[in-house]
1. Between Y433 and W300, 0.36 nm times their residue separation minus their Cα-Cα distance comes to what?
2. Can you give me the distance in nm between label points at D411 and S425, each placed 7 Å from the Cα along the Cα-to-Cβ direction?
3. From a point 7 Å beyond the Cα of D208 in the direction of its Cβ, which residues of region 262-291 have a backbone N at a distance under 11 Å?
4. Where in region 309-418 are there GluC sites (Glu not before Pro) that are in a DSSP coil and have at most 12 other Cβ atoms within 10 angstrom of their Cβ?
5. Which distance in nm do the two modelled labels at F350 and K217 give, with both placed 7 Å along the Cα-to-Cβ direction?
6. Using the count of nearby Cβ atoms within 10 Å as a rough guide to exposure, how do H148, H179 rank from fewest to most?
7. Quote to one decimal, in nm, the extra length available between L120 and S374 on full extension: 0.36 nm per residue of separation minus the C-alpha distance between them.
8. Given H placed on each backbone N at 1.01 Å, which residues far from D416 in sequence or on other chains put an amide H within less than 5 Å of it?
Amino acid sequence: MRVSAVILAGLCLLLLSTLAWADSPGSDAEKAALRAQIDEMQRQLVRMQQQLDQLESERETASEAADDDRVEELESRLAAVEDADSGDGINVGGAVRLNYGWQDYSPQNKDRLGDFELELFRINFSGSIGNVILDAEWRRYNDFQAIHHAWVGYDFSDELQMQLGISRVPFGILPYTSHSFWFTGAYYMGYEDDYDTGIQFIHRPNDDWTFHYAFFKNPEYANDSRADRYSFDLVTEGDQANTETNQFNFRLERHLELAGDSRVDLGMSLQAGQIYNRITERNGQRWAAAAHMDYYNGPWNLRLQAMRYEYDPENPEGVSTDFVQKAGFGFPFLMASEANVYSYSLSRAFDVDWGPISNIRCYNEGTWLDPRVSNSAESIQSVTGCSVAAGGVFTYFDWIAGKNMWFAGGDGIGLDGDSAGRWRSRLNINIGYYF
């Protein structure tokens, strides 16, 4: 019954509201008022469920008594409570993921033979009410909670859609360059699966072309000192006081059907925006451009992307502009402010019938960052592994090797630091149940 999904959505919203209330600043009076609102929402949801249970019980009784008129009346009332328009509704889903990690660069982790823990709990809402499309996802990791995306949309036609809110930045291969759990290195630079707050239009005039036009006012959080976020953005801390603002994106992609089971998508992306420095109170500039290819030949897939990015902040005197500070998952780090970046992903899918296992995809993916600033060094990331689909369970087995790469034993991205010449590696196994 669809109303059960609505009630579940309401309960999930209560959970989100409670978490936000617990973490939010404000007076005791403000928190008490919010608590009262949450309690009232909960009472409304309980009353709705009780009303539905009562109507269902009365309908069953009327059916047993063969009272057709009473059954018809009760079904009408049930339909009114649930939804007068069966085309509307919000679907509720989510995931629970466990993660095992072994790191050759962490002596304590190696001594324990790795760590196995709950990595993620998430809730998704998607659907439409009237002509308005809704899509949102909230995530809870071990050490923090974060919004993944949250937007409302509208289809002006079969060819044109608008999305308003926190949506995926249209840059490079969509939705991802990678097939692995770990993503390519572009993700940690803020150029893969990145989400910002603004408006975008997706235009598909025919089967051959897709265009994206977007303006993002700021990242998903206007609080630019917050490192607890899913997307990697500029963050302020210490003498690094830069934040992203006023960003424009344009992306085009040409879809070509080739002979047999082959097809290819060819595209280009442009991104430009400002960098506001909170110390100097001046705006700097930033831009990025990329070209990509996404080629399928039966079970094989080859993805190639080349990009260039540049940050030109208005830092205070004495603060270098060779590096900018980014953050994600609670950790700030420095990244070269100008670089060429090259990524690839080669994979093959296998359809199998091994008990619950229906599909396996194996892959090798790599990223090379060539910094164009002083006191820098190249960063490289390589991921080799396979993903396994078994019903609602999806598991990744990844071996990640990195040189001078953040989250793979490096001190940052593009830094000429102590780890610049060292290769580090880690084994990562992620088991997720998606519902």
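Any read-out appearing in this document is the output of simple, stated calculations on the displayed coordinates, not a laboratory observation. The structure presented is a predicted model; accordingly, all values stated were derived computationally and were not measured. Backbone-built Cβ (ideal geometry, glycine too); neighbour counts: all protein chains shown.
1. Between Y433 and W300, full extension yields an extra 45.3 nm.
2. 2.4 nm
3. Answer for this model: none.
4. Answer in residue order: E317.
5. 5.1 nm
6. Taking fewest neighbouring Cβ atoms as first place, the list is H148, H179.
7. Taking 0.36 nm per residue and subtracting the Cα distance, the gain is 87.6 nm.
8. Hits under the 5 Å cutoff: A377.
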